[in-house]
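Taking it in order: structure first as structure tokens, then the write-up.
The values are calculated or read from the model by the stated rules, or taken from the named source; none is laboratory data. Keep in mind that what you see is a predicted model, and the values were worked out from it rather than measured. A quick note on method: Cβ atoms are made from the backbone with ideal geometry, for glycine too, and the neighbour counts reach across all protein chains shown.
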Amino acid sequence: MADPIPREHAGSDPERPDPDDPGESSGPDGRGRKPRKKRPFWQELPILIVIALVLTILIQQFVGKVFMIPSESMETTLHGCTGCFGDRVLVDRVTYDFTDPGPGDVIVFSGPQPWTENEIAPQEPSNFFAKAVREVGSLVGFAPPDERDFVKRVIAVGGQTVQCCDPQGRVMVDGKALTEPYVHWLDSKNAVQEPFPPVKVPAGSLWVMGDNRNDSCDSRCQGGGGVNGTVPVANVIGKARFIVLPPSRWGGVSDYNAQESATAVALGAPAWQQGLPLGVGAALSVPTLFLGRRVRESLGQRKKRRQ
């Protein structure tokens, strides 16, 4: 009878896997399996890039998107200029799925037809590579998007009446003057708002204006102003939340609601209207006095006849 194999030599059998050997593993059937070899990083890099782009597109389509500020119409809340590195803002695309834009919100929206009918369409890149670079750049706010988008502040919503100005030069909503701390003037010595007549904002629309009040073509002038200058809520892309670039400008975007501190304004009528009651009263005083005398004389004659 053969001697039993000592326990300490049990792993020396060439047909049995050594459980301590990292190069092999024991499967359900007891046979050894070699682990999968890792792919080189250069092979995984294109896959990672594709996944990152897909996730970026999905996030920016449904959650939030970075937009470039192309002009100075929202100074000093948002910096922007033609041909320079303006602010890049993160726009929340979720909030307005559950609620409508409100007064004070800074919104990004696609220009409605009256806003864009006279606009010159952006020039398309001449080749596929340039177009692809522009598309990728627009995803992260480093290039302007193809669509004609605008960024403005909501001043009034559907059903409200907006006009300018009260005696102190303030915009009024439903007869109440707004105190707007975010308004910027190019020339503080000439801080006078351009007047416009009352406009009742249609239901489902918004009246928007730039913070750089006299250097912004907004609801006051787009489409000729008036109702044509309002923006349908359906055109709103999202709410501007944060300035993400440049680093020196990091911070939130103000959504101060000036309507909450608005004050009622009693607008005086024009001078000719104020004098109208006095003129009418004077004109009617003579015939009234004459008729009064006739009535008194008639009553006096009746009294004498009865006596």
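Can you find, within region 183-207, the residue that is modelled with the highest pLDDT among those that are touching a Cys at 6+ places or on another chain (Cβ under 7 Å) and buried (at least 17 other Cβ atoms within 10 Å of the Cβ)?
Phe196
Check region 73-87 and report whether any residue there is of a type in the set (Val, Ile, Thr), in contact (Cβ under 8 Å) with a residue 40 or more places away in the chain and over 19 Å from Val231 (Cα atoms).
The answer is yes; a qualifying residue exists.
In region 232-246, is there at least one residue being part of a loop (DSSP other than H, G, I, E, B), surrounded by 13 or more Cβ atoms within 10 Å (Cβ to Cβ) and not aromatic (Phe, Trp, Tyr)?
Looking for residues that are part of a loop (DSSP other than H, G, I, E, B), surrounded by 13 or more Cβ atoms within 10 Å (Cβ to Cβ) and not aromatic (Phe, Trp, Tyr), one finds none in region 232-246, hence no.
Hey, does region 42-56 have a residue that's modelled with pLDDT under 85, exposed (fewer than 15 other Cβ atoms within 10 Å of the Cβ), farther than 30 Å from Gly225 by Cβ and among the charged types (D, E, K, R)?
Within region 42-56, one or more residues are modelled with pLDDT under 85, exposed (fewer than 15 other Cβ atoms within 10 Å of the Cβ), farther than 30 Å from Gly225 by Cβ and among the charged types (D, E, K, R).
Look through region 66-108, keep the residues that are more than 12 Å from the chain's Cα centre (by Cα) and either outside any loop (DSSP other than H, G, I, E, B) or at positive phi (or both), and return whichever of them is modelled with the lowest pLDDT.
The extreme case among them is Gly83.
Got a number for residues in region 208-219 being surrounded by fewer than 17 Cβ atoms within 10 Å (Cβ to Cβ) and closer than 21 Å to Gln113 by Cβ?
Number satisfying all stated conditions: 1.
Could you look through region 74-117, keep only residues that are among the aliphatic types (A, V, I, L, M) and in contact with an Asp or Glu (Cβ under 8 Å, 6 or more places away or on another chain), and pick out the one that is nearest to Arg241 (Cα to Cα)?
Val106
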